[in-house]
Amino acid sequence: MSLVLDRISRVVGGETHLQDLSLTLEPGSLNVLFGPTLAGKTSLMRLMAGLDRPSGGKVLWQGTDVTGRSVRTRDVAMVYQQFVNYPSFTVYDNIASPLKLAGLPKAEIDRKVRESAAIMHIDGLLGRLPAELSGGQQQRTAIARALVKEAGLLLLDEPLVNLDYKLREELRAEMREIFKRHRSIVVYATTEPLEALMLGGTIVVLHEGRVIQTGPTVEVYHQPASLRVGQVFSDPPLNQVDGMVDGAGVLLADGIRVPAVGHLADLPHGRYRFGARANHLSVFRAHDDDIPVPGTVELAEISGSETFIHVHGKGFAWVVQQEGVHSLGLGETVTAWINPRRLFAFGADGRLVAAPPRPRLGMAAE
Amino acid sequence: MNPTGVGFKKRHIGLIAYFVFLLLPIYWLLAMSVKPNQEILGGFSLFPQTITFANYVTILTDPSWYNGYLNSIQYVALNTVISLSVALPAAYAFSRYRFLGDKHMFFWLLTNRMAPPAVFLLPFFQLYSTFGLIDTHIAVALAHCLFNVPLAVWILEGFMSGVPREIDETAYIDGYGFPRFFLTIFLPLIRAGIGVTAFFCFMFSWVELLLARTLTSVDAKPIAATMTRTVSAAGMDWGLLAAAGVLTIVPGALVIWFVRNYIAKGFALGRV
């Protein structure tokens, strides 16, 4: 079972939602559709499901053209961002509905419904109506209904977005386990880099209706093909600074001198745009080869056990993700420490020129 | 002394006055229906001096009277069923699909309510005469569709648009065909809307007199037309007329009871 999208486009009312998009999803693969809102994730998913027709291009399912085929006859299951269940059916009937329509014998329906309800931990709620469930349980019901169908293509459109933090964590971990056992093509749309990394699999990075990079999720994280990918596939977005490579090393912004070490050593002389992840910057010196950059605190947000410090200086505005809770006053002078070994270098066209080597075992984890 | 207490009282006085003002005609009708004619014509009495149910007995036993009710109920029910069964698919289409001129057509439907029914009286009369439909229940039921179908489409569209489109899509993904989805999943979700729509169809068809009277003569004569029978050479039978009036209010009051929680939403055409 494979799904091939061949030069797909979708234009709605003069607005281009998807543009000339080609994609091949391998059988049994987990594919993460990744991109900011309005990148075209939902549009793409609706085309895959057959809910919308592409304005151009073809959709091939196992080698047959299914472009114009109705969603009813396709081998697909879908979970929406909103909790969509049949309000007048009990949880049991909700989950059983695709099986009943498939005409399965009663005993088998019963077995399958109970099995998938058990996987989603809602086996105690089968007699209830969706309105009597919490949001998390409603979404579990929707996921169970999608799983029970055992469709060849399982689409999940940001299924965890409307859940609170704790539930999301919990369900996310369970989903990863379920997908591992799944033999069908799973497509999972998300806007969160963390979620994409947790799920792993293959990532498809979308931006303004185009695919800007595909590849194994972890690899794309370490080797973002362009500045754009680096920005979206990083939370907070990749910190950027203009720089120049000359005979004396690397010059960042207005006069921050950094040695051209490691992967930066081979860079030809010229102008670049450098990127650094927020968690690779620090307000404390972590390594001997860290370079101090003076700046002032614009804002310090405490989130959980981390502090996001917005540091502004001459020619740059960075966000430093710092372990621990720190209270820093507005306008306070601070030194941000940057490590040249952790810098991404992008060319003038935004393409990746050099990426830091991937951390090996024994080195500090991401 | 106590400003809040005074305000409380004032508000009550206002409410009570309003209530009396509203209910007085209905009370008067009720009182008249149980008074003998001599008392009605004889003088002014707030409470009936002698109570009689003879008027009601007359209406409920005389076929020329109760047939009026049966006729009215029959064409109103017919009309409600026709209006609903036509409006449900139409409202679904307006709520879920975009097609050329959809908005204009939707608005055009409502403009049918803007012309007075009298405008349509002549064409209706001639058309129904040609097809031999005069003095049948179906004639009145069809004529009332003129203003009930647009209303039903508008109310139902409002309720249907309140149901997320994703439910439809999920059903199609699950493999439901349209008829099965519509009957088993969609209709239960807009139950209240269907109830309110039925009520509005009932209400407008029940109170409409001009078309109903013109298109019928004997066999399908509505109760309102029957009520003109009380005018005879011997004068008006006021008591009988009042009793008939009271009985005309009853079905409406009964139906209103069932949809009382949704009427406001119905008046807003389902768009609250």
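The values are calculated or read from the model by the stated rules, or taken from the named source; none is laboratory data. Given the structure is predicted, the values throughout are model-derived calculations rather than measurements. In this analysis, Cβ positions are derived from the backbone assuming ideal geometry, glycine residues included, and neighbour counts consider all displayed protein chains.
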request  = Give segment A:57-86 a look and list any residue that's more than 24 Å from residue B:178 (Cβ to Cβ), buried (at least 16 other Cβ atoms within 10 Å of the Cβ) and more than 14 Å from every other protein chain (Cβ to nearest Cβ), or say none.
outcome  = A:57
query = Does residue A:215 meet the test of being at positive phi, outside any loop (DSSP other than H, G, I, E, B), at pLDDT 85 or above and not hydroxyl-bearing (Ser, Thr, Tyr)?
reply = yes
Within segment A:185-212, tally of residues that are surrounded by 22 or more Cβ atoms within 10 Å (Cβ to Cβ) and of a type in the set (S, T, N, Q) = 1
note = Given the conditions (1) in a strand (DSSP E or B); (2) more than 24 Å from residue A:229 (Cβ to Cβ); (3) in contact (Cβ under 8 Å) with a residue 40 or more places away in the chain, every one holds for residue A:326 apart from (1)
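Does residue A:91 count as crowded, with 23+ Cβ neighbours inside 10 Å, farther than 22 Å from residue A:181 by Cα and away from chain B (no Cβ under 12 Å)? Even if it seems obvious, please write down each step before you answer.
Values: crowded, with 23+ Cβ neighbours inside 10 Å: yes; farther than 22 Å from residue A:181 by Cα: yes; away from chain B (no Cβ under 12 Å): yes.
When the stated conditions are applied, residue A:91 passes them.
Quick check on this structure: which one of B:158, B:132 is more than 14 Å from every other protein chain (Cβ to nearest Cβ), more than 25 Å from the chain's Cα centre (by Cα) and of a type in the set (Gly, Ala, Ser)?
Being more than 14 Å from every other protein chain (Cβ to nearest Cβ), more than 25 Å from the chain's Cα centre (by Cα) and of a type in the set (Gly, Ala, Ser) holds for just one of B:158, B:132, which is B:132.
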request  = Considering each residue of segment B:161-192, count those that are within 14 Å of chain A (Cβ to nearest Cβ), surrounded by 15 or more Cβ atoms within 10 Å (Cβ to Cβ) and assigned to a helix (DSSP H, G or I), and give that number.
outcome  = 16
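Do we have residue B:252 as free of Cβ contacts under 8 Å to residues at least 60 places away in the same chain and in contact with a helix residue (DSSP H, G or I) (Cβ under 7 Å, 6 or more places away or on another chain) here?
Working: free of Cβ contacts under 8 Å to residues at least 60 places away in the same chain: yes; in contact with a helix residue (DSSP H, G or I) (Cβ under 7 Å, 6 or more places away or on another chain): yes.
Spelling it out, residue B:252 is indeed free of Cβ contacts under 8 Å to residues at least 60 places away in the same chain and in contact with a helix residue (DSSP H, G or I) (Cβ under 7 Å, 6 or more places away or on another chain).
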remark   = Matching residues in segment A:55-113 (small (Gly, Ala, Ser) and touching a Ser or Thr at 6+ places or on another chain (Cβ under 7 Å)) number 3
task = For residue A:166, work out the one condition from (1) in contact with a Phe, Trp or Tyr (Cβ under 9 Å, 6 or more places away or on another chain); (2) free of Cβ contacts under 8 Å to residues at least 12 places away in the same chain; (3) away from chain B (no Cβ under 13 Å) it doesn't fulfil.
result = (1)
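When you go through A:305, A:327 one by one, which is the residue that is touching an Asp or Glu at 6+ places or on another chain (Cβ under 9 Å), farther than 19 Å from residue A:223 by Cβ and either at pLDDT 90 or above or of a type outside the set (Val, Ile, Thr) (or both)? Before you say what the answer is, go through the steps one by one.
Working: A:327 fails: touching an Asp or Glu at 6+ places or on another chain (Cβ under 9 Å).
None of the others qualify; the one that does is A:305.
Could you list, in sequence order, all residues of segment A:42-56 that are without any contact (Cβ under 8 Å) to a residue 60 or more places away in the chain and within 8 Å of chain B (Cβ to nearest Cβ)? It would help to see each step written out before you state the result.
In the first step, residues of segment A:42-56 are kept if they are without any contact (Cβ under 8 Å) to a residue 60 or more places away in the chain; the result is A:46-47, A:50-56.
Listed by number, the list holds a single entry, A:51.
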note = Exactly one of B:197, B:226 is polar (S, T, N, Q) and within 17 Å of residue B:153 (Cα to Cα), and that residue is B:197
note = Expected single match for more than 8 Å from chain B (Cβ to nearest Cβ), closer than 23 Å to residue A:177 by Cα and more than 29 Å from the chain's Cα centre (by Cα) among A:103, A:124 is A:124
key: Pairs where the first residue, in segment B:92-111, is in contact (Cβ under 8 Å) with a residue 60 or more places away in the chain and the second is in a helix (DSSP H, G or I) and of a type in the set (Val, Ile, Thr), C-beta under 9 Å, 6+ apart   = B:94/B:153
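Among the residues of segment A:115-164, write down those that are of a type in the set (Gly, Ala, Ser) and buried (at least 18 other Cβ atoms within 10 Å of the Cβ).
A:116, A:117, A:136, A:142, A:144, A:146, A:151, A:152
Could you check segment A:1-76 for strands (runs of 3 or more DSSP E) lying wholly inside it with 2 or more residues that are over 19 Å from the mean Cα position of the chain (by Cα) and over 22 Å from residue A:230 (Cα atoms)?
Those strands (runs of 3 or more DSSP E) span A:3-12, A:15-25, A:56-61.
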task = Taking residue B:200 as meeting all but one of (1) away from chain A (no Cβ under 14 Å); (2) free of Cβ contacts under 8 Å to residues at least 60 places away in the same chain; (3) touching a Leu at 6+ places or on another chain (Cβ under 7 Å), write down the number of the exception.
result = (2)
note = Residues of segment A:288-323 being surrounded by 11 or more Cβ atoms within 10 Å (Cβ to Cβ) and without any contact (Cβ under 8 Å) to a residue 12 or more places away in the chain, in sequence order, are A:301
message = Give me the helices (runs of 4 or more DSSP H) completely within segment B:49-132, filtered to those with at least 2 residues that are more than 30 Å from residue B:39 (Cα to Cα) and modelled with pLDDT under 90, ordered by residue number.
response = B:102-111, B:118-130
